[in-house]
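A short worksheet on the structure shown next.
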Amino acid sequence: AQRVTQPEKLLSVFKGAPVELKCNYSYSGSPELFWYVQYSRQRLQLLLRHISRESIKGFTADLNKGETSFHLKKPFAQEEDSAMYYCALKNDYKLSFGAGTTVTVRA
Amino acid sequence: DTGVSQNPRHKITKRGQNVTFRCDPISEHNRLYWYRQTLGQGPEFLTYFQNEAQLEKSRLLSDRFSAERPKGSFSTLEIQRTEQGDSAMYLCASTGRGPNTGELFFGEGSRLTVL
């Protein structure tokens, strides 16, 4: 069965420091993975998808099939990055989400 | 705002009562999803519509839950005989007619509190 695990509930970093959010998955097949973000008082929205291999708001994520991971990284965190981040795995037409990581960037 | 709209935003009810939530997707979207989110958890899939057809229901959706999407436009999620365990945020999402890219557009959610 497909599963997404985000081992960190909370992550606190200083502004300008690197930040990495961990995501591990289990899936029998070729996975499609995503990171969704929810800023305070906003709705859940797509941040990036692995298939696009793009950098959004300075964030990147690399799919590592050997380690079944899709960690989200940013070299220099900003205060506006404070949010809830969810890793998600696509299975047919639906997404399975991890439990989420709350990121707080301190000045 | 032409995004996904959900009503009501908040609902407080007594155990045993029935509640209904409504979702209006983005107008050109033919795929609609309901998710449930409890404290400290990510969204959990409940059900999926393509146009008016309900194509999948999660095991989380007990017999007390029913969802409809008449005419393939708005959708309703009804919970009968509510229980305290039904307290959660109910999220609706939609996506368009093209290839399924995995980008879901979420509403702001309907928060249910069962006393």
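Of all the residues in the stretch B:93-115, those that are at pLDDT 95 or above and out of contact with any Leu (no Cβ under 7 Å at 6 or more places or on another chain) number 8. Residues that are touching an Asp or Glu at 6+ places or on another chain (Cβ under 9 Å) and within 13 Å of another protein chain (Cβ to nearest Cβ) were ranked within the stretch B:1-26; the one that is farthest from B:Thr82 (Cα to Cα) is B:Gly3.
Looking at A:Leu44, A:Leu11, A:Leu21, just one residue is under 26 Å from B:Gly98 (Cα atoms) and surrounded by 16 or more Cβ atoms within 10 Å (Cβ to Cβ), and that residue is A:Leu44. Of the residues making up the stretch A:56-65, not a single one is among the basic types (Lys, Arg) and within 13 Å of chain B (Cβ to nearest Cβ). State which residue is nearest to the other protein chains (Cβ to nearest Cβ) when the search covers only the stretch B:27-61 and only residues that are part of a loop (DSSP other than H, G, I, E, B) and closer than 18 Å to B:Glu103 by Cα. Checking each candidate, the answer is B:Gly42.
Only residues that are of a type in the set (A, V, I, L, M) and part of a strand (DSSP E or B) were counted in the stretch B:17-26, giving 1.
Note on the stretch B:1-31: residues that are of a type in the set (Gly, Ala, Ser) and touching a strand residue (DSSP E or B) at 6+ places or on another chain (Cβ under 7 Å) total 2. Annotation: A:Phe76 fulfils all but one of (1) more than 14 Å from every other protein chain (Cβ to nearest Cβ); (2) at pLDDT 95 or above; (3) assigned to a strand (DSSP E or B); the unmet one is (3).
Restricting attention to the stretch B:83-115 and to residues that are of a type in the set (A, V, I, L, M) and part of a loop (DSSP other than H, G, I, E, B), the residue that is surrounded by the fewest Cβ atoms within 10 Å (Cβ to Cβ) turns out to be B:Leu115.
Candidates are the residues of the stretch B:87-115 that are within 12 Å of chain A (Cβ to nearest Cβ) and free of Cβ contacts under 8 Å to residues at least 12 places away in the same chain; the one that is farthest from the chain's Cα centre (by Cα) is B:Pro99. Does A:Leu46 satisfy the condition of being free of Cβ contacts under 8 Å to residues at least 24 places away in the same chain, within 14 Å of chain B (Cβ to nearest Cβ), in a strand (DSSP E or B) and touching a strand residue (DSSP E or B) at 6+ places or on another chain (Cβ under 9 Å)? Spelling it out, A:Leu46 is indeed free of Cβ contacts under 8 Å to residues at least 24 places away in the same chain, within 14 Å of chain B (Cβ to nearest Cβ), in a strand (DSSP E or B) and touching a strand residue (DSSP E or B) at 6+ places or on another chain (Cβ under 9 Å).
The values are calculated or read from the model by the stated rules, or taken from the named source; none is laboratory data. Remember, predicted model here, so these are calculated numbers, not experimental data. Methodologically, a virtual Cβ is constructed for each residue, glycine included, from the backbone with ideal geometry; neighbour enumeration extends over all protein chains shown.
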